[in-house]
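Peer 1: First the structure, which I've put down as structure tokens, then a few questions once you've had a look.
Every number in this text was worked out from the coordinates using simple rules, so none of it is lab data. Small disclaimer: the values here were computed from a predicted structure and weren't measured. Neighbour counts run over all protein chains shown; Cβ positions are idealised from the backbone, glycine included.
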Amino acid sequence: MITPSASTLGAPGTPLDVVLTWLQQHRIRGIELRLAPGEIADPQMGTPARGDLRRRIEAAGVQVTAIASYVKVAAPGPDEAVLAELTQAIAFARDLRAPMVRVFPGADTGPAAFIDVPPLMESREEVDDRAARRLSAITSYAADLGVLPVLETHDSHPTGKDIAAILHRVDGPVGVVWDVLHPWRVGEQLEETWETLAPWLATGRGCVQIKDANMPASSTPLPIGKGSLPTEEFGQLLVRHEYCGPVTLEWEKAWYPQAAQLDVALESVRTWLDRHWDEDIN
């Protein structure tokens, strides 16, 4: 069973009640909370405020599918700073009853074209070992709190192969976020990404993100099916492999203010969901 979800990245500055109403209107039963200052999920929120936030979401019949942190596990610098930030994000997720915390690779890279994997400024072995070491250091704590750290196909590690190279080195439970854009834009085929990430995605240890835009001409978000991303093939693949888990709309209005409101995007993702799934939607 899949869980339709949407990230609050698509509703910067929008009150929670409005976002929840939009989700209800389009039968989207999950919400991914962007962990950022001034947003619905602000990392400075105290325990009582977190509890109130959780109760308001649950009262609307919506579940928190993930906390979207901005921790960069492969970034240069001392481990202590990264682990402290990750520990805080995991505790936040526990308080919101979120099963996952999204993290980025975030290694330093040089410039690259849209279709190219960016060159690393350090050796891949060093970068991947650093990311795996940090994730390994946090897995026991995260498991005790019932939270899974999940590493996204993003920035320095855009492909499934890139992410798997890190995750296979981690000692302890971790998972993955498959952002449909990044592996595709650098030439990794959808089926190849699935096969590489199946050890996690096919076993309930991760989620997938759907989006669309007229790439590479423009990265401004478009309703699902209106851009150049292979959204139909993506849906067909998930059905074919009987994927179960969150399917999250990542509508990047926070980065592209000119994009339509989230409710417009939710209507398009609901149409896309209904084309591919019927009774298998939570």
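Peer 1: Could you check which residue among Gln258, Gln236, Gln88 shows the biggest mean-square fluctuation in a GNM of the chain with a 10 Å Cα cutoff?
Peer 2: Per the Cα network of the chain with a 10 Å cutoff, Gln258 tops the list.
Peer 1: State the Cα centre-to-centre distance between segment 218-256 and segment 119-134 in whole Å.
Peer 2: 29
Peer 1: Could you check which residue among Leu20, Leu96, Leu120 shows the biggest mean-square fluctuation in a GNM of the chain with a 10 Å Cα cutoff?
Peer 2: Leu120
Peer 1: Counting other Cβ atoms within 10 Å, which GluC sites (Glu not before Pro) in segment 143-246 have at most 16 and lie in a DSSP loop? Walk me through the intermediate numbers first.
Peer 2: On the way: sites: Glu152, Glu188, Glu191, Glu192, Glu195, Glu232, Glu233, Glu242; in loops: Glu188, Glu242.
Of the GluC sites (Glu not before Pro), the ones in loops of segment 143-246 whose Cβ has at most 16 other Cβ atoms within 10 Å are Glu242.
Peer 1: Out of Gly38, Gly77, Gly235, any idea which swings most in a Gaussian network model of the chain, alpha carbons joined below 10 Å?
Peer 2: Its mean-square fluctuation being the largest, the pick is Gly77.
Peer 1: Let me ask something else about it. What nm distance separates the two modelled labels at Val264 and Thr87, each placed 7 Å from Cα along Cα→Cβ?
Peer 2: 4.4
Peer 1: Can I ask one more? Enumerate the residues in segment 164-179 having an amide nitrogen under 16 Å from the point lying 7 Å beyond the Cα of Asp116 toward its Cβ.
Peer 2: Within reach of a label on Asp116: no residues.
Peer 1: Please list the non-local residues whose amide H lies under 5 Å from the amide H of Val64, H modeled 1.01 Å from N, same-chain partners needing a gap of 5 or more.
Peer 2: Distant-sequence amide H within range of Val64: Ile31.
Peer 1: Hey, what do the phi angles of segment 255-266 turn into as Karplus ³J(HN,Hα) couplings, whole Hz, using 6.51/-1.76/1.60 and θ = phi - 60°, x for Gly and Pro?
Peer 2: 9, 10, x, 6, 5, 4, 5, 4, 4, 5, 5, 4
Peer 1: Mind pulling up the Rg/Rh value for segment 2-276? Radius of gyration and Kirkwood radius, both on Cα. Kindly include the intermediate steps, with their values, before the conclusion.
Peer 2: Details: Rg = 17.5 Å, Rh = 18.7 Å.
For segment 2-276, the value is 0.94.
Peer 1: Got a sec to turn the phi values of segment 40-56 into Karplus ³J(HN,Hα) couplings, 6.51 cos²θ - 1.76 cosθ + 1.60 with θ = phi - 60°, whole Hz, x for Gly and Pro?
Peer 2: Ordered by residue, 3J(HN,Hα) equals 3, 9, 8, x, 8, 4, x, 4, x, 5, 5, x, 5, 4, 4, 5, 5 Hz.
Peer 1: Please give the calculated 222 nm ellipticity per residue for the chain, where each DSSP H segment of at least 4 residues contributes -39500 (n - 2.57) and the sum is spread over every residue; nearest 500 deg cm²/dmol?
Peer 2: Numbers: 9 runs with 112 residues, N = 282.
The helix contribution divided over the chain gives -12500 deg cm²/dmol.
Peer 1: Within the chain, what is the longest stretch that has no trypsin sites (Lys or Arg not before Pro) placed in a DSSP loop and near at most 16 other beta-carbon atoms within 10 Å?
Peer 2: 98-168
Peer 1: With a point put 7 Å past each Cα toward its Cβ, work out how far Arg27 is from Gln44 in nm, to one decimal.
Peer 2: Reported label-point gap for Arg27 and Gln44 is 4.1 nm.
Peer 1: Can I ask one more? With a ≥ b ≥ c taken as the square roots of the eigenvalues of the C-alpha gyration tensor of segment 63-136, please select rounded if a/c is under 1.5 and otherwise prolate if a/b is larger than b/c or oblate if it is not? Display every interim value, and only then the final one.
Peer 2: On the way: a/c = 2.99, a/b = 1.67, b/c = 1.79.
Here segment 63-136 falls in the oblate category.
Peer 1: Average projected area of the Cα convex hull of segment 186-280, in nm²?
Peer 2: Details: hull surface 25.8 nm².
Projected area, direction-averaged: 6.4 nm².
Peer 1: Over all alpha-carbon pairs of segment 131-260, lay out the pair-distance distribution in 10 Å bins, whole %, shortest bin first.
Peer 2: With a bin width of 10 Å, the distribution comes to 12, 42, 32, 13, 1.
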